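So the structure is just underneath, and the comments pick up after that.
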Amino acid sequence: MSGSNTTDFTSPSTFILQGIPGLERAHVWISIPFCTMYIIAILGNFTILFIVKMEPSLHGPMYYFLCMLAVTDLVLSTSTVPKTLSIFWFNSREIYFSACLTQMYFIHCFSAMESGIFVAMAFDRYVAICDPLRHSTILTNPVVSKIGLAVVLRGSMLSLPCPFLARRWPYCRTNIIPHSYCEHIAVVKLACADIRVSSYYSLSVAFLVTGLDVFFITMSYIQILRAIFSLPTKDARLKTFGTCGSHLCAILTFYIPDLFSSLTHRYGHNVPLYFHILIANVYLLVPSMLHPIIYGVRTKQIRDRLLRLFTHKGT
């Protein structure tokens, strides 16, 4: 039943993931960079979590938010990459319907969480630069916990309707998904029903989450830049702006692939399907790999602690 394009069914027990249609012969070669990036993401994010836990001087709001980002990146990459690699290596294309919906939920939920964490980090930078004397009194541990809870609840609640709507549609055409993971639109397009509710809801959530988050981040940095340009010396301005460098780089690695993926999906009608799917994978995997590298290289406290760790082991 699962391999047929014409089987009549309304609630399939399994879906079939095609991987990257058009590049089946290159799946093994594509798996090499995918696997490499995934390993770097796992090692890098666990290293960040370990260093922050072991170093008391890093127990502050900025590093708590960084730990939230590391956990989010770990979940996002792990929710898709292992199944994608199993398709590439073992031709294991089947995925249970419930597992497919769960994967869909995790992707949407943790993507929204990650965007919210960037807003929280922008707020941390705003307070640290624009009102440094009150930073420790404004961003206390209870406040950081409440911000983290709000980020989790927002992502969880806004993403919940997507799998529920997908579950209620009848699937009577095919259960073959032309994708390497259960991307929301790729799944609901298989339904033999009017899916405008799902389409409009996912588009509204994407606009609400990404649009508002980018707006708040932009407003924060406008105030930050005003405070920086009011500093008396060039060295002071550069040093203060340098404290935002890691956050800005992390934001760019997250939002640029997201924007590029959205634009090619909506306007790149002549772009091959395999390119859309590659970009969709890059959007989930590359930021998870780059974020720990960015913070490891650009954040002096993490870099110094990491060097001490390796030096101590070597000694």
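Computed quantities for the displayed model
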item: Amide hydrogen neighbours beyond the local backbone of ILE177, cut-off 5 Å, H modeled; result: ILE16, LEU17, GLN18
item: Computed E for ARG134/LEU208 - FRET, C-beta separation, R0 41 angstrom, nearest 0.05; result: 0.85
item: Sequence of ARG226, ARG237 from largest to smallest accessible area, 1.4 Å probe; result: ARG226, ARG237
item: Angle in degrees between helix 196-206 and the longest Cα principal axis of the chain, rounded to the nearest 10; result: 10
item: Cross-link partners of LYS146 among lysines (Cα-Cα below 23 Å; sequence separation of 8 or more within a chain); result: LYS53
item: Two-decimal ratio, the stretch 187-315, of alpha-carbon radius of gyration to 2.2 N^0.38 Å; result: 1.47
item: Efficiency of FRET from Cβ geometry, THR102 and TYR201, R₀ 25 Å, rounded to 0.05; result: 0.85
item: Positive-pole candidate from PRO178, SER198, PHE215, dipole of the stretch 169-257, charges at beta carbon; result: PHE215
item: Accessible area per residue, Å², the stretch 105-239 with all protein chains present, probe 1.4 Å; result: 51
item: Given charges at Cβ of Lys, Arg, Asp, Glu: the chain dipole, positive-most of PHE34, PHE164, MET104; result: PHE34
item: Total charge dipole magnitude, the chain, about the Cα centre, Cβ charges on Lys, Arg, Asp, Glu only, Debye to nearest 20; result: 580
item: C-alpha long axis of helix 61-78 to longest principal axis of the chain, angle in °; result: 20
item: Within straight-line cross-link reach of LYS83, aspartates and glutamates at Cα separation under 20 Å, skipping those fewer than 8 residues along the same chain; result: GLU24, ASP73, GLU94, GLU183
item: The chain, helix-only ellipticity at 222 nm - DSSP H runs n ≥ 4, -39,500 (n - 2.57), divided by all residues, nearest 500; result: -24000 deg cm²/dmol
item: Accessible carbon and sulfur surface of the chain relative to its total accessible area, %, 1.4 Å; result: 69
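The values are calculated or read from the model by the stated rules, or taken from the named source; none is laboratory data. Because the structure is a prediction, the values reported are computed rather than measured. Methodologically, a virtual Cβ is constructed for each residue, glycine included, from the backbone with ideal geometry; neighbour enumeration extends over all protein chains shown. We work out accessible area using only protein heavy atoms, side chains counted, and drop any ligands, DNA or RNA first. Shrake-Rupley method; radii C 1.70, N 1.55, O 1.52, S 1.80 Å.
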